[in-house]
Amino acid sequence: MSSSIPPLNPLRTFEVAARLCSLTLAADELNVSQVAVSRQVKTLEDYLGVTLFRRMHRGVELTDEGRQLYEGVTGAFQDIANASRRVSRRGRRDILAIQSYTTFSQRWLIPRLTHFHDLFPKIEVRLSSSIAPVDFETQNLDAAIRAGKGVWDGLHSEKLLDVELIPICSPDYQRENRLETPDDLARARLLHSMARPTDWGAWIKRVGANVDPEPGIRFESSALAYEAASLDGGVAIAVKLFVQRQLQNGSLVAPFADTCYSGEGYFLTWPRNTTPSQTLMKFLNWIRERIDQEGKSSSE
């Protein structure tokens with residue numbers, strides 16, 4: 001297919017000359033000499049085996065073949081320009097493309113993004129959510145929020161928060177199942193996140209409860225497990241920061257005060273060989289300030 005496409009530089013030169021009906025004006029627009037324009041047009045004519053222009057006393061005129069070619073390429077170049085404009089970020093340093101884990105997006109970031117926009121109204125945040133690993137070489141991203149130990153090949157990471165785990169459920173579920181001590185979880189339904197499969201085991205081991213951490217219902221993400229807990233479905237193990245608002249307004253409760261740190265954290269990451277933009281650093285500082293402020297208010 002590619003072999004049927006004429007050389008692109010001569011084709012672009014032809015499009016400009018045909019649009020302006022002048023080799024001289026085409027040379028001005030392309031910032032080259034008229035001789036260079038004539039040479040490019042001749043290269044295209046030789047490639048196609050046809051004459052594209054009639055040389056007139058003042059300017060040039062398209063032949064029938066030239067007119068047919070121009071009608072085809074002008075639309076094609078416009079399509080290319082439109083597509084390039086849609087994806088281009090040149091001159092638009094106010095765009096910030098972030099990928100985040102689904103639960104971090106739903107439970108923490110999205111409810112607070114309006115605050116970030118109020119502070120920086122000229123920054124356009126493009127947020128995508130996925131539990132899949134990020135490929136910065138193929139995805140048009142500035143940074144990604146990931147959970148783990150903070151060490152990934154080729155990535156620089158900045159810690160946002162430590163993962164502090166706490167069981168949660170609805171007030172009705174706690175009352176109906178008489179959840180008073182961690183051992184009472186033996187008669188409760190445990191809600192698991194397949195994205196964080198070791199959290200229940202870590203918490204149960206930390207508090208020394210006599211409970212099997214494996215039975216229960218498993219969900220694709222922690223956000224779904226939290227939702228099930230809010231609907232009286234059982235007890236989920238949650239990242240405390242992600243359910244802080246619901247614990248404060250009473251829509252969720254923590255039946256036990258015991259928490260534990262998983263040894264993991266959430267990190268803002270970007271390629272190690274890339275210098276972060278000022279816009280990205282504003283985003284990082286804003287997240288840290290919000291987490292710090294909310295942590296202080298919850299402890300008061």
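Just a few scattered comments:
- Tensor-based shape of region 73-191 (alpha-carbon gyration tensor, a/c under 1.5 rounded, otherwise prolate or oblate): prolate
- Pairs exceeding 20 Å between alpha-carbon atoms, taken from LYS159/LYS205; LYS122/LYS240; LYS122/LYS159; LYS149/LYS240; LYS149/LYS282: LYS159/LYS205; LYS122/LYS240; LYS122/LYS159; LYS149/LYS282.
- Gyration tensor verdict on region 10-67 (Cα atoms; rounded if a/c is under 1.5, prolate if a/b is larger than b/c, oblate otherwise): oblate
- Here the Debye sum runs over all C-alpha atoms of the chain as equal scatterers in vacuum, and log10 of I(q)/I(0) at q = 0.09, 0.12, 0.13 Å⁻¹ comes out as -0.63, -0.83, -0.92.
- Backbone N within region 67-84 under 15 Å of label point (7 Å from ILE5 Cα along the Cβ vector): 73-84
- At R0 = 22 Å, FRET efficiency that the Cβ-Cβ distance of ARG19 and HIS57 yields, to 0.05: 0.65
- Here the chain is treated with +1 on each Lys and Arg Cβ and -1 on each Asp and Glu Cβ, and its dipole about the Cα centre works out to around 860 debye.
- Around the amide H of LEU62, modelled in the peptide plane, lie the amide H atoms of ARG54, all under 5 Å away and 5 or more residues distant in sequence or on another chain.
- In region 1-124, inverting the average of 1/r over every pair of distinct C-alpha atoms gives 18.0 Å as the Kirkwood radius.
- Each Cα pair under 8 Å and six or more residues apart adds its sequence gap; the mean of these over the residue count of region 1-157 is a relative contact order of 17 percent.
- Volume of the convex hull of region 247-286 (Cα atoms only), normalised per residue: 129 Å³.
- Region 156-236 - Kirkwood radius from inverse mean 1/r over Cα pairs (Å): 13.2 Å
- Look at the dipole of the chain built from charges on Cβ: of LEU185, VAL207, THR114, the Cα furthest out on the positive end belongs to THR114.
- In a fully extended conformation the segment linking ASN285 and GLN139 would gain 50.2 nm over its present Cα-Cα distance, using 0.36 nm per residue.
- Extended-chain gain in nm, criterion 0.36 nm per residue less alpha-carbon gap, ASN210 and GLN78: 40.6 nm
- Using 0.36 nm per residue and subtracting the Cα-Cα separation, the extra length available between LEU48 and ILE217 on full extension is 54.1 nm.
- In sequence order, region 49-55 has phi-based couplings of x, 9, 8, 9, 10, 9, 7 Hz under the Karplus curve 6.51 cos²θ - 1.76 cosθ + 1.60, θ = phi - 60°, and Gly or Pro positions carry x.
- Computed E for GLU180/ASP94 - FRET, C-beta separation, R0 41 angstrom, nearest 0.05: 0.20
- Peptides 101-108, 199-206, ordered by how many other C-beta atoms sit within 10 Å of their residues on average, highest first, read 101-108, 199-206.
- Whole-number D in µm² s⁻¹ for region 187-295, Kirkwood Cα-pair radius fed into Stokes-Einstein, 10 °C, 1.306 mPa s: 99 µm²/s
Bear in mind that the values in this text are calculations on the coordinates, not laboratory data. Note that the structure is a prediction, hence the values are computed from the model and not measured. We place every Cβ from the backbone using ideal geometry, glycine too, and count neighbours over all the protein chains shown.
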